[in-house]
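Chemist: Sending over a structure as structure tokens; questions will come in a sec.
Rule-based calculations on the coordinates, nothing more; no lab input. Note that the structure is predicted; figures quoted are calculated from it, not measured. Virtual Cβ from ideal backbone geometry, glycine too; neighbours counted across all protein chains shown.
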Amino acid sequence: MINPKLAKIFYGGDYNPDQWPREIWDEDIRLFKLASIDLVTLPVFSWALLQPDETHYRFDWLDEILDLLADNDIYACMATSTAAHPAWMAHRYPDVLRTNFYGEKRRFGMRHNSCPNSPTYLKYSRALAGALAHRYKDHPALLIWHVSNEYGGECYCDNCAAAFRIWLQQRYGSLDELNRCWNTRFWSHTFYDWDEIVPPNMLSEHLSPWDQTRTAFQGISLDYRRFMSDSILASYRLEYDALKEHTPDVPVTTNLMGHFKPLNYFQWAPYLDVISWDSYPPMGVHPADIALRHDLMRALKHGQPFMLMEQTPSQQNWQPYNSLKRPGVLRLWSHQAVAHGADAVMYFQMRQSRGACEKWHGAVISHAGHENVRVFREVAELGNDLNRLGDSLLDARAESQVAILFDWENWWALEMSSGPSKDLKYLPQIYKYYRALWKRGIPTDFVGPDSDLSNYRLLIAPTAYLLQPGFADKLKQFVRSGGAFLTTFFSGMVDHNDLVVLGGYPGELRDLTGVWVEEFDAFPPDLSNEIVLDHPLGDLNGAYQCGLVCDLAHAEKADVLAVYGKDFYAGRPALTRNTYGSGAAWYIASDPEQPFVDGLLAHICDEQGVQPILTPHEGVEVTQRAKDNHTFTFLLNHNDRPADVELGDIAGEDLLTGQHLSGKATLPPHGVSIIRTKQ
Ligand code: GLA
Ligand code: ZN
């Protein structure tokens, strides 16, 4: 449980009372009560106010607002305020300022702006976290800590360069080993002294004008990404430890951002007590794409419930087109988060700010300043829903028999590699396979390279280009004991140093997949090939388009189920299945159109005995959470029209209405039901 002090789904959001005069606070509290708000996050960006100079803190205003919250039974998700440094600090100690990818030293400005290896930043951020924890450790409002805010970015300053060299010494032990792993004889890069190594950026290794993510040396750039993720994590951990010194029992989190490329969240997760994340889907997003991010965030702590730390009640300000959430969508998307494992539903922001760049960002309390507006009414309605749910869902777990591998290091390596195609990106591949499962109503987990696979019937690893040490053996064990494994083109190509696995692709997956890939072709967007099935496979039949990359494979042991339809490699394997122990390894040699993936996954799920929760109904998402011998089935109608959903064996109380549902449920447009059944 996130914190047993409050036995319900937390409801609230980012609150910036320090941007408003004192008399507004009482009005805020009145409106919070009307909307059933019970948790507010503060002070997220108040470092300059909390610490006017090097030696003083000013906590008086924070004391007052925390007391006011406690008097009104509202808890605080207490932020450490270290995500934007004060101007005096940057002025006096320029080492806090970052140096960007182009080698330019930043001036004071913006936020999320501190160098993670700046001695000044580390000293003062740790001290502030400690001071807050010391002062508020016994405050009745304190419920959970929120360190900094949306960590990210990168720095290439001299402090980071020096820290990188130390990080490399720890990783490689010797320059000989480093030279070997980076393959430095290429382009005369042999290093004879650690000090010769510089951070890889646009001044050094990233020089390609057509795509800056590409680097001349994948080994160096991959290590810099690892190092940056580790550096930022280390700065977080300093604050974490400072908080725990005073409040060992108060959970600590920092708000993550879904599939955020710069930080390897699987490596961060052990250092967060609770996962929390910020969800900002644009209008017109496919609901599966929101679901995917919730599932990825839930995976970080192996299914433990997470907090939806931020979402907008209405619109954002930073997208190219900041459309309003249509009536009912806020409620639908909030329940969708709960359906995927959230035990908190929170907003950015509680009161709409008056100046600077977020003044057009939606808020619970709008510029109108009162409750008689659509958005507030919808927020209050959702507050009622969450009151009604009480503690029934808290800590309930989602169960899946299918998992998708998500490996940040594979993502980094795949996209910084030069060739075979600039369009080869990791996320679209992940999305394609996830969407197929979502449409079929099959709950999906994500797993990282270190996760336990034994509970799954099917594991999908799209473009698993880089394999971590030992992962192939784990896969073999998984398949031998009855699991199905599906991988795709350009997989198993390199080891964790981005060195090619010699002797034939897909390297360590060759034995398991039973194929040898001799070469691979790449297409510009307007060209394609096709995958032609010999015999129908489930609902798959005939020919399907494919493109991007085509592996030219030999089936050494695998059965060939489909072949290429065109070009000089027409007739060569495009889809294979290799029986391995009691399971099977599937391999798709190219990037097929979505209907092929939909049909193939339906077939493999059937073969593995993995069934949808309910017969799929277009646009209606179905998920389950379970606890204490109860199953909670969520029906989420993403359509603009009503939906009749066949409930099969599922019959029970809809927790949102108290009605008994069985046989068929009619959901209004954007409607939600949560049906409780006894197991
Ligand atoms: C992020 C930040 C918030 C705010 C919102 C606006 O999630 O964490 O401080 O800027 O975006 O959408
Ligand atoms: Zn730096």
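Chemist: Taking the mean number of other Cβ atoms within 10 Å as a proxy for protection, how do you rank 489-502, 434-447 from highest to lowest?
Modeler: Highest-to-lowest ranking by the protection proxy: 434-447, 489-502.
Chemist: Ranked highest first by average number of other Cβ atoms within 10 Å, how do 50-59, 296-305 line up?
Modeler: In descending order of packing, they fall as 296-305, 50-59.
Chemist: So what are the stretch 88-220's ellipsoid semi-axes, whole angstrom, largest first, if each one is the square root of 5 times an eigenvalue of the alpha-carbon gyration tensor? Spell out each step's value before the answer.
Modeler: Working: eigenvalues 252, 65, 39 Å².
Gyration-tensor ellipsoid for the stretch 88-220: 35, 18, 14 Å.
Chemist: Run a plain Debye calculation on the chain (Cα atoms as equal point scatterers, no solvent) and give log10 I(q)/I(0) at q = 0.05, 0.06, 0.10 Å⁻¹, rounded to two decimals, same order as the q list.
Modeler: -0.25, -0.37, -1.03
Chemist: Using a cut-off of 14 Å between beta-carbons, work out the net charge of the residues near Arg214 (Lys and Arg +1, Asp and Glu -1, Arg214 not included).
Modeler: Working: positive: Arg225, Lys422, Lys425; negative: Glu205, Asp211, Glu415, Asp423, Asp498.
Within the 14 Å Cβ shell, the charges total -2.
Chemist: While we're on this one: So if the hydrodynamic radius of the stretch 463-521 is defined as the Kirkwood radius over C-alpha pairs, what does Stokes-Einstein give as its diffusion coefficient at 10 °C and 1.306 mPa s, in µm² per second?
Modeler: Numbers: Rh = 11.6 Å.
Rounded to a whole number, D works out at 137 µm²/s.
Chemist: Let me ask you something else. Order the peptides 637-644, 275-282 from the highest to the lowest mean number of other Cβ atoms within 10 Å of their residues.
Modeler: Values: 637-644: 15.6, 275-282: 20.9.
Result, highest mean first: 275-282, 637-644.
Chemist: Positive end of the charge dipole of the chain (Lys, Arg +1 and Asp, Glu -1 on Cβ, about the Cα centre): tell me which of Gln679, Cys115, Pro200 has its Cα farthest that way.
Modeler: Value: Cys115.
Chemist: Scale the Cα Rg of the stretch 398-491 by the rule-of-thumb value 2.2 N^0.38 Å and send over the ratio, two decimals.
Modeler: Numbers: Rg = 13.3 Å, N = 94, 2.2 N^0.38 = 12.4 Å.
Here the answer is 1.07, to two decimals.
Chemist: So what's the net charge close to Met228: Lys and Arg +1, Asp and Glu -1, counting the other residues with Cβ under 12 Å from its Cβ?
Modeler: Once all neighbours under 12 Å are counted, the net charge is +1.
Chemist: Among the DSSP beta bridges whose two residues both lie in the chain, what percent are antiparallel, rounded to the nearest 5?
Modeler: Once the DSSP bridges in the chain are tallied, antiparallel ones form about 55 percent.
Chemist: Here's another thing I want to ask about it. List the extent of the Cα atoms of the stretch 176-314 along each of their three principal axes, largest first, rounded to whole Å.
Modeler: The principal-axis extents, from largest down, are 53, 45, 24 Å.
Chemist: Hey, another quick one. Translational diffusion coefficient, Stokes-Einstein: compute it for the stretch 526-638 using the Kirkwood radius over C-alpha pairs as Rh, at 37 °C and 0.692 mPa s, and state it as an integer in µm² s⁻¹.
Modeler: The estimated diffusion coefficient comes to 203 µm²/s.
Chemist: Pairs of alpha-carbon atoms within less than 8 angstrom and 6+ residues apart define the contacts here; what relative contact order does the stretch 620-678 have, in percent?
Modeler: Across the stretch 620-678, relative contact order equals 39 percent.
Chemist: One quarter of the convex hull surface, Cα atoms only: what value does that give for the stretch 255-332 in nm²?
Modeler: Approximately 5.6 nm², given one-decimal rounding.
Chemist: Could you tally the net charge around Leu509, taking each other residue with its Cβ under 13 Å from the Cβ of Leu509, Lys/Arg +1 and Asp/Glu -1?
Modeler: -2
Chemist: Based on the alpha-carbon set only, what is the convex hull volume of the stretch 620-678 divided per residue, in Å³?
Modeler: That works out to 67 Å³ per residue.
Chemist: Counting only Cα, what are the radius of gyration and maximum Cα-Cα distance Dmax of the stretch 158-224, in Å?
Modeler: Rg, Dmax (Cα atoms, Å): 11.7, 35.
Chemist: A follow-up question, please. For the stretch 402-607, take the convex hull of the Cα atoms, compute a quarter of its surface area, and give me that in nm², please.
Modeler: Computed as one quarter of the Cα hull surface, the answer is 10.2 nm².
Chemist: Moving on. Give a quick list of chymotrypsin sites (Phe, Trp or Tyr not before Pro) in the stretch 172-238 that DSSP marks as loop, anything other than H, G, I, E or B, with at most 14 other Cβ atoms within 10 Å.
Modeler: Passing sites in the stretch 172-238 are Tyr192, Trp210.
Chemist: With a cut-off of 8 Å between alpha carbons and a minimum separation of six or more residues, what is the relative contact order of the chain in percent?
Modeler: Once normalised by length, the contact order is 11 percent.
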